[in-house]
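Remarks on the structure that follows.
Where a number appears in this text, it was derived from the coordinates with a stated rule and is not lab data. Just so you know, these numbers come straight off a predicted model, no measurement behind them. When we count neighbours, we look across all protein chains shown, and the Cβ atoms used for this are built from the backbone with ideal geometry, even at glycine.
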Amino acid sequence: QVQLVESGGGLLQPGGSLRLSCAASGNIFSRNGVGWYRRAPGKERDLVASITSSGFMYYADSVKGRFTISRDNAKNTVYLEMNSLKPEDTAAYYCRVNFLGREYWGQGTLVTVSE
């Protein structure tokens, strides 16, 4: 059983920065791709960024140049560094991994960007 735990969300003003963390219960990130998703109020959950086991990274157009995904295999943790945050980045952020053919999601962490 894989468990993913996100942390690092919070309330901040536009232009601020946050680093989200997704910690796994075991060593699964080194061999599996990981994605960060977000669900804004009233919208569907969308892929924000992902990183493959080989290190290839993908970013949604809306976050390119502002968000950075990274992975620390020794800590079984994936990060999402978010800079220049905008009100439209307000959402619940989730990490996801597909491990041995099964999909796992964390419980989410809330990011609110507001004046």
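Numbers at a glance
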quantity	calculated
In Hz, Karplus ³J(HN,Hα) per residue of the stretch 81-90 (6.51, -1.76, 1.60; θ = phi - 60°; x = Gly, Pro)	8, 10, 10, 6, 5, 10, x, 6, 7, 4
In sequence order, calculated HN-Hα J values of the stretch 54-64 (Karplus, 6.51, -1.76, 1.60; Hz; x Gly/Pro)	8, x, 6, 10, 10, 9, 5, 4, 5, 10, 4
Radius of gyration, Dmax [the stretch 65-107; alpha carbons; angstrom]	12.8, 37
Student exercise, the chain dipole from Lys, Arg, Asp, Glu Cβ charges, in Debye to nearest 20	240 debye
16 Å reach of a label modelled at S17, 7 Å along Cα-to-Cβ, counting backbone N of the stretch 72-89	79-86
Loop-resident sites, the stretch 12-99, for chymotrypsin sites (Phe, Trp or Tyr not before Pro), counting at most 14 other Cβ within 10 Å (DSSP)	F56
For the stretch 16-22, 3J(HN,Hα) per residue [Karplus equation, 6.51 cos²θ - 1.76 cosθ + 1.60, θ = phi - 60°, Hz, x = Gly/Pro]	x, 10, 9, 10, 8, 10, 10
Placed amide H near K86: partners under 5 Å, 5+ positions off or other chain	G15
Debye log10 I(q)/I(0) for the stretch 1-65, one point scatterer per Cα, at q = 0.16 Å⁻¹	-0.68
Descending semi-axes in whole angstrom, ellipsoid equivalent of the chain, from the Cα gyration tensor	23, 14, 13
